[in-house]
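Novice: The structure follows.
What follows is calculated from the coordinates using simple rules that are stated; it is not laboratory data. This structure is a prediction, so every number in the text was calculated from the model and none was measured. Note: ideal-geometry Cβ built from the backbone for every residue, glycine included; neighbour counts use all protein chains shown.
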Amino acid sequence: MSKIVIVGAGYAGVMAAAHLDRAGIPFTVVNNHDYHYFTTLLHEAAGGRGPAENYQVPIKEVLRKDTSELVIDEITGVDREKKVVKGKAGEYAYDYLIYSLGWISEYFGIKGLKENSMSITNLDSAVQIRQHIENEFKAYTQDHDPRHLRIALGGAGLTGIELMGELVDYIPTLCASLGISYNDVDMQCIEAMPTILPMVAEHLRPYVFETLTKKGARLRTGTKIMEVTPGVVHLDGGEKVEAGTIVWTGGVRANPLLADSGFTVDRRGKAKVNSFLQSTDDDHIFIAGDSAWAEDENGKPYPPTAQVAEQMGACVAHNLAALLAGKPMKNFKASLKGTLCSLGAEVGVGDAFGIPIKGATAGLMKEGSKIKYLWELGGVRLAGDRGKNVMQL
């Protein structure tokens, strides 16, 4: 029987595992945690909406068959010649590999940015950001240094705007609990491009500006970060923003293990795949999610979104099962259902099936997408049990 190994339990990896599990096909999934976390909701955990446990699902709740094995380890490399995945705790031989380790932050060569900022890269980092903000505000009550109350977010894409939406809802409550005037808080979102949310229809962006600025946010477009030193963001033109909290949300790239392992990669480190999501360098390796350099029939790269990653995971599982059974594999074609951006707990903006939406309608659809994902992952069992925790936030 062929040995199947899945590395990474993000949206693509865990969806592939769920489908193989249902099919009763034996495999081993190697992940650095015993849980799968909701990457698209990490801004909620960072912004104080709910406890960390509400943004994760134990992997063993997804995998129900005895033929499905979970190993906790951190992957350090892939030896394609020996067909071995290397981890800090051991090595894992495979006949077929599903690679879905996801992404890391992209700092675009900005001096000091990586060393002097925080990023939402996983659930632990999201919780650390929330705790850091709380500690900074508590420190203000002792020395009244205004820098403690200044939050600088780099990047006005989806993550940056959603995090700001959470903060403008949460910070007033935090201030009230500590006896701090909300008027003394300065929350800035700094974006080098002339606009925010490039993935959202242009005519909806003024609504985002209005919603967030009315709640106290500052959205600064056309403002380039040149360097970051401890506690200071240096902007083009010489301006300095001294902030107790600096968070970078401005870009991502694929895990460097792909390039280090000799795969053909694009400028963001994604590995080239064929229409079946097999590596063009090795047809025994399937690559999915943010690790995959996949293009549609017109040669346009698929966007690095959770919905695409989920669909890739399901497709990889189907194709691997077909390959093992000697049946034809299917070409991957993503079904893009739209993009939703929350602006706090109640409202949002985006599009659904090509129709622009905003306000409470978008907010409700964003909430509904959480249950939909849990249903696809584990049916009524997960959608019912875990969905209650997610939807009550």
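Novice: By the scheme Lys and Arg +1, Asp and Glu -1, what is the net charge of all other residues having a beta-carbon under 14 Å from that of Gln128?
Specialist: Here the count lands on -2.
Novice: In percent, what relative contact order does region 198-276 have, based on Cα pairs under 8 Å that are 6 or more apart in sequence?
Specialist: 13 percent
Novice: Considering only Val14, Gly216, Phe108, whose Cα is most displaced toward the positive end of the charge dipole of the chain, charges sitting on Cβ of Lys, Arg (+1) and Asp, Glu (-1)?
Specialist: With unit charges placed on the Cβ atoms, the residue in question is Val14.
Novice: Output needed: percent of Cα pairs per 5 Å distance bin for region 7-121, bins running from 0 to the one holding the longest distance.
Specialist: Computed distribution, short to long bins: 2, 10, 18, 18, 18, 15, 10, 6, 2, 1.
Novice: Considering amide H positions built from the backbone, and no H for Pro or chain starts, which residues 5 or more places from Asp282, or on another chain, come under 5 Å of its amide H?
Specialist: none
Novice: Based only on Cα atoms, what mean projected area does the convex hull of region 236-384 have, in nm²? Walk me through the intermediate numbers first.
Specialist: On the way: hull surface 55.7 nm².
The number I arrive at for region 236-384 is 13.9 nm².
Novice: Additional query: Can you pull a Stokes-Einstein diffusion coefficient for region 118-248 at 4 °C (1.567 mPa s), Rh from Kirkwood over Cα pairs, as a whole number of µm²/s? Before the final figure, lay out each step's value.
Specialist: On the way: Rh = 15.1 Å.
This corresponds to a translational diffusion coefficient of 86 µm²/s.
Novice: Counting only DSSP beta bridges with both residues in the chain, what percent are antiparallel, rounded to the nearest 5?
Specialist: Around 50 percent antiparallel, to the nearest 5.
Novice: Straight-line reach from Lys272: which lysines have Cα under 28 Å away, leaving out those fewer than 8 places along the same chain?
Specialist: Lys3, Lys82, Lys83, Lys86, Lys88, Lys114, Lys300, Lys327, Lys330, Lys333, Lys337
Novice: Take the Cα atoms of the chain, find their three principal axes, and give me the spread along each one in whole Å, biggest first.
Specialist: 67, 42, 42 Å, listed from the longest principal axis down.
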